[in-house]
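Some notes on the structure that comes next.
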Amino acid sequence: MINKKELWERCAAFHGHVCGGLTIGYQAALYAAKLLGLTFSQDEEVVCICENDACGVDAIQVMLGCSVGKGNLLFHLRGKQAFSFYNRKTGESVRLVLRERPAGMSREESFAYLQAHQPEELFDVKKTVIALPEAARMFRSVKCECCGEITAENMIRLENGKSVCLDCCHAYNRFDVS
Ligand SMILES: [Zn+2]
Ligand SMILES: [Zn+2]
């Protein structure tokens, strides 16, 4: 079992720099691992739904093995420092929401604050509101009859009786007119 210092160094190496945002993800991952008994996800045993696409997500990828490629890192973008974690084996889940921090801190002070506190002091533990998503599916490959490129079946639309990809398809939506 690697120690926290080494985990943090791995996060920093992957992310490219150290910052408060990375610390938020690092602390969230530590807390989720503790609450749900998580270890690095070799496949899709651990799922994270992240409500932001900021620095912290990188720590979650490194520490818990939730990644876009494996399909166990999903985004529900709300601009919130909130992360839902799911343990597929036990069915348990938790949503961690960063508490309000003291106002008026500089970037350096904020980083120091986030580093100095325990995860229990930084996050509210809430119930997840999004049900555990199904495991990533495999889809048949279909050739777009317009551009000729191969795409996944679930990304195909019918237009004038032809199977076309989303880039070739002309959207028809009379409600969301900007
Ligand atoms: Zn950063
Ligand atoms: Zn196409």
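Considering only N160, L114, G65, and ranking their Cα positions along the charge dipole of segment 47-172 that arises from unit charges at the beta-carbon of Lys, Arg, Asp and Glu, the one farthest toward the positive end is N160. In the chain, the C-alpha radius of gyration followed by the widest Cα-Cα span (Dmax) gives 19.8, 61 angstrom. For T23, T90, T128, the ranking by accessible surface with the largest value first comes to T90, T128, T23, using a 1.4 Å probe. Is the C-alpha gyration tensor of segment 85-147 telling us rounded, prolate or oblate? Criteria: a/c under 1.5 is rounded; beyond that, a/b larger than b/c is prolate, otherwise oblate. Verdict is oblate for segment 85-147. Rg and Dmax of segment 1-100, both derived from C-alpha coordinates alone, stand at 12.2, 35 Å. Computed about the Cα centre, the dipole magnitude for segment 1-140 is approximately 320 debye when only Lys and Arg (+1) and Asp and Glu (-1) carry charge, each at its Cβ. Estimated from helical segments only, the mean residue ellipticity of the chain at 222 nm is -8500 deg cm²/dmol, where each DSSP H run of four or more residues counts as -39500 (n - 2.57). Relative to the Cα centre, the charge distribution of segment 130-178, modelled as +1 at Lys and Arg Cβ and -1 at Asp and Glu Cβ, gives a dipole magnitude of about 100 debye.
Each part gets one Cα centre, and for segment 118-175 versus segment 32-75 those centres are 20 Å apart. Rolling a 1.4 angstrom probe over the protein heavy atoms with all chains in place gives segment 9-120 an accessible area of 48 Å² per residue. Mean-square fluctuations from a GNM of the chain, with a 10 angstrom spring cutoff on Cα atoms, peak among L38, L96, L166 at L166. Each Cα pair under 8 Å and six or more residues apart adds its sequence gap; the mean of these over the residue count of the chain is a relative contact order of 18 percent.
Given the peptides 147-157, 53-63, 130-140, arrange them by the average over their residues of other C-beta atoms within 10 Å, most packed first.
53-63, 147-157, 130-140
By the rule of a C-alpha distance below 17 Å, with chain neighbours fewer than 8 residues away ignored, the lysines paired with K80 are K126, K127. Element breakdown for the chain at a 1.4 angstrom probe: carbon and sulfur atoms account for 52% of the accessible area. Residue pairs exceeding 24 angstrom between C-alpha atoms, taken from K70/K162; K34/K89; K5/K89; K5/K70: K70/K162; K5/K89; K5/K70.
For helix 20-36, report the angle its Cα long axis makes with the longest principal axis of the Cα atoms of the chain; keep it between 0 and 90° and round to the nearest 10°. Once rounded, the angle reads 90 degrees.
The values are calculated or read from the model by the stated rules, or taken from the named source; none is laboratory data. Model, not experiment: these values are computed from the prediction. Note that each Cβ is placed from the backbone with ideal geometry, even for glycine, and that neighbours are counted across all protein chains shown. Surface areas here come from the heavy atoms of the whole protein model, side chains and all, with no ligands, DNA or RNA. Shrake-Rupley method; radii C 1.70, N 1.55, O 1.52, S 1.80 Å.
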